[in-house]
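Remarks on the structure that follows.
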Amino acid sequence: MPDQSPGASAQFRSSPNEGQSTYRVYRFSPGDRIVAAEVLDVITDAEAVETVRAMLGGFVLELWERARFLGRFEPALPAAQR
């Protein structure tokens, strides 16, 4: 996910390739505010989820396909914090 400062606008593509769906991934700040968004053009929900899990890093991410919420993904806590 490109690094964007808070308030920066996301760049959205107008349409996916044939056979693909457009998903949006929102990255949240520690204060639970959206700080970045990215578009994923993939074929299945499973592919979108797999891609989001690979993007996690240290951020909380939400995955949406239009108005359909697919999940909120949080980085794993280090063993010392569990």
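The values are calculated or read from the model by the stated rules, or taken from the named source; none is laboratory data. Just so it is clear, the model here is predicted, and its values are computed rather than measured. Cβ atoms come from the backbone with ideal geometry, glycine included; neighbour counts cover every protein chain shown.
Taking every residue in segment 51-64 that is within 17 Å of D32 (Cα to Cα) and among the charged types (D, E, K, R) and pairing it with any residue that is assigned to a strand (DSSP E or B) and at pLDDT 95 or above, at least 6 positions away or on another chain, the pairs with Cβ-Cβ distances below 6 Å are E62/Y26; E62/R72.
Quick one: in segment 23-35, of everything that is of a type outside the set (F, W, Y) and closer than 17 Å to R53 by Cβ, which residue is nearest to the chain's Cα centre (by Cα)?
Of segment 23-35, the ones of a type outside the set (F, W, Y) are 24-25, 27, 29-35.
Filter once more, so that each one left must be closer than 17 Å to R53 by Cβ: 24-25, 27.
Working: R24: 6, V25: 2, R27: 6 Å.
Result: V25.
In segment 23-69, the residue that is surrounded by the most Cβ atoms within 10 Å (Cβ to Cβ) out of those that are of a type in the set (A, V, I, L, M) and assigned to a helix (DSSP H, G or I) is A48. Contact annotation: residue pairs with Cβ atoms under 8 Å, 6 or more positions apart or on different chains, pairing a residue in segment 18-35 that is over 11 Å from E62 (Cβ atoms) and of a type in the set (A, V, I, L, M) with a partner that is at pLDDT 95 or above and crowded, with 18+ Cβ neighbours inside 10 Å, are V35/R27.
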